[in-house]
Amino acid sequence: MAGDRILTQEDIIWGLEQIRDGLAEHGAQGTLKIIGGSAMILGGHAERRSTVDIDAVVLLPQDVIGQIAARVAQQRGWPDNWINLEAQGLYPAYAGRPLWEASPELSHGALTVELATQEALLAMKLNASRAGRDDDDIRALMTACGIETIVDADDHFADYFRGESLPDKAVMLLRSLGYPDGHPTFYRDIARDSSLSQRRSGAVRP
């Protein structure tokens, strides 16, 4: 995280422009795949107005982009980690559905930008399920994806994190946000043992 600094949409776009211009100066081409709050902001989710950093998966040249990012931080007075170039472990590696969509508006010259789809963002937010921090994002993404119940959220999650079920913390968070289980008989069992692991280990929904 980038400390207490808050990045707005304007900040994010400016920062990406600096990365693009820096790559051009080096005669290099680069690709950033953006996830998290920044992807929501750039993807048009008006309810998300700022973030503390830009989580990005970098396709080569990572060393050059890292140098440019450090220079931008110094110029702007931003923390060195205003762009998190180590986001590789934050997204599902073996998703069964598309993760990325091109962003022609942000891709110019030396820099190509791709944003995580809102469906992929929901799966990642559910995986994190940080109470008090991810609540609003999860609400917005559940609505955008047309998902209204926990059992449907579980199915959605399994499309991205293949073979896995919603973490217990995600179930608890969704319930706290008022989402119904979606199948009373099945989820009474879940409520007792606080685990969705039955579903991925062969349990069939009644």
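Read the figures in this text as sums done on the coordinates, not as results from a lab. Please read these numbers as outputs of a predicted model, since none were measured by experiment. Cβ sites come from the backbone with ideal geometry, for glycine too, and all protein chains shown count toward neighbours.
A few notes on this one:
- Cβ-based exposure ranking for Thr112, Thr8, in which fewest neighbours within 10 Å come first: Thr8, Thr112
- Taking each residue as 0.36 nm, the span from Glu10 to Arg97 lengthens on full extension beyond its C-alpha to C-alpha distance by 28.3 nm.
- Extension gain, Asp155-Glu86: 0.36 nm per intervening residue step, less the Cα-Cα distance, totals 22.0 nm.
- Relative packing of peptides 40-51, 68-79 - highest average C-beta neighbours within 10 Å first: 40-51, 68-79
- Ordering Ile35, Ala123, Thr8 by Cα displacement along the dipole of the chain toward the positive end leaves Ala123 in first place; charges were set at the Cβ atoms of Lys, Arg (+1) and Asp, Glu (-1).
- By the beta-carbon count within 10 Å of each Cβ, the least crowded to most crowded order of Lys33, Lys169, Lys125, fewest first, is Lys169, Lys33, Lys125.
- Linear extension gain, Ser50 paired with Glu17, 0.36 nm per residue minus alpha-carbon span: 10.1 nm
- Taking every alpha-carbon pair under 8 Å whose residues sit at least 6 apart, the chain reaches a relative contact order of 19 percent.
- Beta bridges by DSSP in the range 13-157, antiparallel share as percent, to the nearest 5: 55
- Anisotropy class assigned to the range 118-184 is rounded, per the alpha carbon gyration tensor with a/c under the 1.5 cut-off.
- Residue ranges 87-99, 156-168 sort as 156-168, 87-99 when ordered by packing (mean number of other C-beta atoms within 10 Å per residue, highest first).
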